[in-house]
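FYI, it's all coordinate maths here, none of it is from the lab. None of the values given here were measured: they were computed from a predicted structure. Note: ideal-geometry Cβ built from the backbone for every residue, glycine included; neighbour counts use all protein chains shown.
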Amino acid sequence: MKYLADNIKFLRQKLGLSQEKLAEMLGLNRGNIASYEMGSAEPKIENLIKMMQVFKVEVKDLVEKDLAGIEKLDHEISSLKENESYSDNLKNWEKGRLLKRLMNRDERIHQFIRQSEEMHKILEGFKLFHKFKMENGRTVTEDVKKIADDYEKLLEVMDVMLQTDRKMIEYLEEKDKDSSADQI
């Protein structure tokens, strides 16, 4: 929920709403909105859905995208179109589109990294739980031992997949460094 607080404030101000008015529309009090905007509290899912309807954005966008940054970029592209000659304007517009694509790519990469880290934590939890159950279980039948062996193999496969994810992340980060160095 990296962008949630900033997006709530940005969208509220964009609609010309006070915290009080937005709170009234959502069936909350002004303090709730202030807490959401400061990032000291997060709205319940039902309130996120209400916000989605008021702001006319998807919950995923409200939570995961820098909506103010995207709008600022769109505004800059629009002003370039209005204030420059067509050929200069087209070049800058293409640069803006490229920048926007790079921002979206970076968001996807960061999402991929977060998901990979979450999967790693889940896998470690499964491993610990399995180990605990096997060590502290009563007598284990042959059938249960076979299932446990299959489960351990599945955990190993998942571990290999996560290692592949980590290598992919390292590759993407290295490629990003190389492209940043090329731009300088």
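Which of the three applies to region 4-65, rounded, prolate or oblate, going by the alpha-carbon gyration tensor with a ≥ b ≥ c and a/c under 1.5 meaning rounded?
Verdict is rounded for region 4-65.
Just to confirm a number: summing +1 for Lys and Arg and -1 for Asp and Glu over residues other than L162 whose beta-carbon lies under 12 angstrom from that of L162, what do you get?
Once all neighbours under 12 Å are counted, the net charge is -2.
Show me the GluC sites (Glu not before Pro) within region 104-162 that DSSP assigns to loop and that have at most 10 other Cβ atoms within 10 Å of their Cβ. Mind showing how you got there, number by number?
Numbers: sites: E107, E117, E118, E124, E135, E142, E152, E156; in loops: none.
Of the GluC sites (Glu not before Pro), not one in the loops of region 104-162 has a Cβ with at most 10 other Cβ atoms within 10 Å.
Compute the length gained on full extension between I70 and K131: take 0.36 nm times their separation in residues and subtract their Cα-Cα distance, giving the result in nm to one decimal.
17.3 nm
I'd like the FRET efficiency for E118 and R30, computed as 1/(1 + (r/R0)^6) with the beta carbon distance as r and R0 of 22 Å, rounded to 0.05.
Computed FRET efficiency for E118 and R30: 0.05.
As a quick test, which of the pairs K56/K121; K9/K167; K121/K153; K21/K60 have an alpha carbon distance above 26 angstrom in this structure? Show your work: numbers first, answer last.
On the way: K56/K121 34 Å; K9/K167 37 Å; K121/K153 18 Å; K21/K60 24 Å.
Correct reply: K56/K121; K9/K167.
DSSP loop (so not H, G, I, E, B), at most 16 other Cβ within 10 Å: list which GluC sites (Glu not before Pro) in region 23-58 pass both filters. All intermediate terms of the calculation are to be shown ahead of the outcome.
Values: sites: E24, E37, E46, E58; in loops: E58.
Listed in order of number, the matching sites are E58.
When only Cα pairs under 8 Å and 6 or more residues apart are kept, what is the percent relative contact order across region 4-65?
That works out to 37 percent.
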